[in-house]
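Trainee: Supplied in structure tokens, the structure appears directly below.
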Amino acid sequence: MGVGTLRRHYRNKVLSREQAGEDATAMVYQAKAEAIAGFALPRRFVSDRIRKILVEKNLTTLDDLNGASVAEVSERTGLSKMDAGKVVKAVEREVALRADDQVRLLADFPFQAELVAAGYTTGASIEGLDESELADIPDVGEPGARVIVAYQDGLLDVPFPENVPHLVRLGELGIRGPKQLALYTADQLRAFGMTEQEAAEVVAYREAVGAPAPVLGEPGTPGTAADAQDLPPLEFEQGLNDSQQQPVTPTSDPTATVGTQGENATGTAD
């Protein structure tokens, strides 16, 4: 049996009993079908028109259609043979995406549960959706769509530092990292729901941290070895020659000092 065959079997029982006027028995099979979990039809399934027809016929999941022939789909829905053929091809494609445990590709994906509930169980299944289409998915909305798109574009690899102004508010708006924030103007932030003052403070922060290099010694910014080489010697070292001053970068042995070779060496290098 293919995936969803039993659910499809019960759906066919419903149809046959309804045609025979056995409504009570049809309701029993309907309940049996709905008790079996299935992958919801993706929102962009063939076309809006065809998806609507399928849903009106209680064919709401891929499992209701998996294994059905063109003739069966046409008979159950009233679709033309051409449209029924498109449905069969779309079902085969979507089922293949979910085969071989590919559902786990979205395990760490933002709004994974909401996407799966709407029938999107792999990265490939949402590649063609733009931000507005993602926002239409139940319980995702515009903020969630912004997070998903930013994740797909690789913009969430570095999260905001804790001192970014209005951190919680940005998160509520679906903005989770500096690279993502860089995409939006103050006007767009206000359009997303920020007040004028909030947007101005966020943009001012972004501009302040947008300097080409951090200032060494500033709280939270340790700087780099290259920065340290430009610093003057420490006060107690000012009277020492170069060979006696502490190095700015680690030696090959982190326990050795200048002029030693290894942890226990006491003489100078040959």
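The values are calculated or read from the model by the stated rules, or taken from the named source; none is laboratory data. Because the structure is predicted, anything quoted here is derived from the model rather than measured. Note: areas computed on protein heavy atoms with side chains; ligands, DNA, RNA excluded. Shrake-Rupley method; radii C 1.70, N 1.55, O 1.52, S 1.80 Å.
Trainee: Using θ = phi - 60° and the Karplus form 6.51 cos²θ - 1.76 cosθ + 1.60, what ³J(HN,Hα) does each residue of region 185-196 get, whole Hz, x for Gly and Pro?
Mentor: 8, 4, 4, 5, 4, 5, 5, 6, x, 6, 6, 4
Trainee: Any idea of the accessible area per residue across region 94-192, 1.4 Å probe, to the nearest Å²? If you can, show how the numbers build up before the last one.
Mentor: Details: 5090 Å² over 99 residues.
Accessible surface, normalised per residue, equals 51 Å².
Trainee: Need the list of lysines near Lys32 for cross-linking: C-alpha distance under 26 angstrom, and skip anything on the same chain fewer than eight residues off.
Mentor: Output for Lys32: Lys13, Lys52, Lys57.
Trainee: When the Karplus curve 6.51 cos²θ - 1.76 cosθ + 1.60 is applied with θ = phi - 60°, which whole-Hz ³J(HN,Hα) does each residue of region 63-79 get, with x for Gly and Pro?
Mentor: Coupling constants for region 63-79: 5, 6, 10, 5, x, 6, 7, 4, 4, 5, 4, 5, 5, 6, 10, x, 6 Hz.
Trainee: Using the heavy atoms of the protein chains alone and a 1.4 angstrom probe, what is the accessible area of region 31-90 per residue in square angstrom? Walk me through the intermediate numbers first.
Mentor: On the way: 3050 Å² over 60 residues.
Per residue, region 31-90 has 51 Å² of solvent-accessible surface.
Trainee: Sort out for me the Cα centre separation of region 60-92 from region 152-186, rounded to whole Å.
Mentor: Value for the Cα centre distance between the two parts: 43 Å.
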